[in-house]
Amino acid sequence: MSNVENDLAIKPEDTGATEILQPIEEKAKLYGFGGWLYLVALGFLLTFGSSLIYLIDTILPIYQNGLLSELHEENWKYSLVIIYETVINIFFVIFPVF
């Protein structure tokens, strides 16, 4: 079988170069974050802060003042909504930390 060279291979005699160039080494070090990930990080920080402030300023007084039991006596659906909001906002405070 004859020695057939690849048509796509660069031949030094075709380019006029007298020496063969070594391939450029690419640095594939990934570290930190940058670019669009700054916006994601900013979103996590804003979510964490706003949910924490909402829990402290709005939800916590409902539990401390006994308003939740009054809402439950009036209509149990109100207390269910308050508990649901509490769980979701606690998730929004814990999730960005991870």
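The values are calculated or read from the model by the stated rules, or taken from the named source; none is laboratory data. What you see is a predicted model, and the numbers here were worked out from it, not measured in a lab. Accessible surface areas use protein heavy atoms only, side chains included; no ligands, DNA or RNA. Shrake-Rupley method; radii C 1.70, N 1.55, O 1.52, S 1.80 Å.
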For this session: Grab the Cα-Cα distance for N75 and I88, subtract it from 0.36 nm times how many residues apart they are, and report the gain in nm with one decimal.
Result: 2.6 nm
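Report in % the part of the accessible area of region 39-82 that belongs to carbon and sulfur, leaving out ligands and nucleic acids; probe 1.4 Å.
Result for region 39-82: 69 percent of the exposed heavy-atom area is carbon or sulfur.
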Exercise. Quick one: Kirkwood hydrodynamic radius for region 32-79, alpha-carbon pairs, angstrom, one decimal?
Worked result: 13.1 Å
Seminar exercise, completed: Averaged per residue, the 1.4 Å probe accessible area of region 43-98, protein heavy atoms only, in Å², is roughly 76 Å²
